[in-house]
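**Q** This is the structure I want to talk about, given as structure tokens.
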Amino acid sequence: MKKIVSILLICISMIFMTGCSVKKTSEVTDEEKFAMEYDVTVDNPFSYIEYDELLESFNSNKAIIYFGNSNDEISQTVAKFLTENSVGSQVKKIYYFDPTKLRKKQEKELIDLINSKLINNNIEKITVPSLYRITNKKITPIIEDIDHKDIENQNDLSTDEKKQILKRYKSLLKD
């Protein structure tokens with residue numbers, strides 16, 4: 001009986017000791033949350049935004065917005081690629097939004113807003129992954145300039161091909 005009580009006391013004390021070091025959900029930063037969802041480093045440029053903030057960001061003078069979904073393999077690959085290539089670059093913040101949570105009315109409103117500011121072409125739906133750069137309230141789609149197959153099969157690419165992709169990303173993300 002003494003053994004059981006001793007074991008219980010040890011377990012309870014261990015719970016109290018480790019429980020004190022756990023962060024509350026509200027204390028987790030955007031970078032930490034994104035790192036957990038996308039398996040990237042905490043040193044990443046991603047900042048979560050809500051729908052209203054998203055609409056406002058499309059009316060800003062300067063922003064980069066990333067639409068992704070952590071359950072999507074290509075979104076994960078693009079997020080890793082962006083994280084690796086933003087370190088040491090001029091890109092300090094990329095706003096992140098998961099469009100799979102949008103209601104139909106919100107999605108239509110967002111598509112209309114994007115199309116009204118798009119420099120060339122129009123979109124019919126919000127796809128993941130998508131990356132947009134806003135400059136002077138005009139939108140340039142970035143991800144459409146990148147071939148998803150290049151990113152998806154990056155392990156099959158030669159060193160020169162990887163350098164070319166890296167060069168395109170860096171040039172597109174420059175201010």
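**Q** Near the amide H of Leu131, under 5 Å away, which other amide H atoms are found, from residues 5 or more places off or on another chain, if H is placed in the peptide plane?
**A** Phe67, Ile142, Ile143, Glu144
**Q** Okay, moving on. Report, by chain and number, residues whose modeled amide H sits under 5 Å from the one on Ile139, excluding near sequence neighbours (fewer than 5 apart, same chain).
**A** Hits under the 5 Å cutoff: Leu118, Ile119.
**Q** Would you kindly derive the ³J(HN,Hα) couplings of the stretch 87-97 from the backbone phi angles with the Karplus curve 6.51 cos²θ - 1.76 cosθ + 1.60 (θ = phi - 60°), listing them in order in whole Hz, with x for Gly and Pro?
**A** Calculated HN-Hα couplings, in order: 5, x, 9, 6, 6, 9, 8, 10, 6, 10, 9 Hz.
**Q** Still on this structure, please answer the following. Give me, ordered by chain and number, the residues 5 or more places off Ser47 or on other chains with an amide H under 5 Å from its own placed amide H.
**A** Excluding prolines and chain starts, which carry no amide H, the hits are Ile94, Tyr95, Tyr96.
**Q** Residue by residue through the stretch 66-72, what is 3J(HN,Hα) from phi via Karplus (6.51 cos²θ - 1.76 cosθ + 1.60, θ = phi - 60°)? Round to whole Hz and write x for glycine and proline.
**A** Couplings: 10, 9, x, 9, 5, 8, 8 Hz.
**Q** Pick out, from Ser116, Ser47, Val128, the residue whose Cα sits farthest towards the positive end of the charge dipole of the stretch 30-134, with +1 on the Cβ of Lys and Arg and -1 on the Cβ of Asp and Glu.
**A** Checked the options; the winner is Ser116.
**Q** Provide Ser89, Ser57 in ascending order of the number of other Cβ atoms located within 10 Å of each residue's Cβ, fewest first.
**A** Ascending Cβ contact count within 10 Å gives the list Ser89, Ser57.
**Q** Ordered by packing density, taken as the mean number of other Cβ atoms within 10 Å over each peptide's residues, highest first, how do 121-128, 28-35 rank?
**A** Ranked from most to least packed, the peptides come out as 28-35, 121-128.
FYI, it's all coordinate maths here, none of it is from the lab. For clarity, every value in this text was computed on a predicted model and none was experimentally measured. We place every Cβ from the backbone using ideal geometry, glycine too, and count neighbours over all the protein chains shown.
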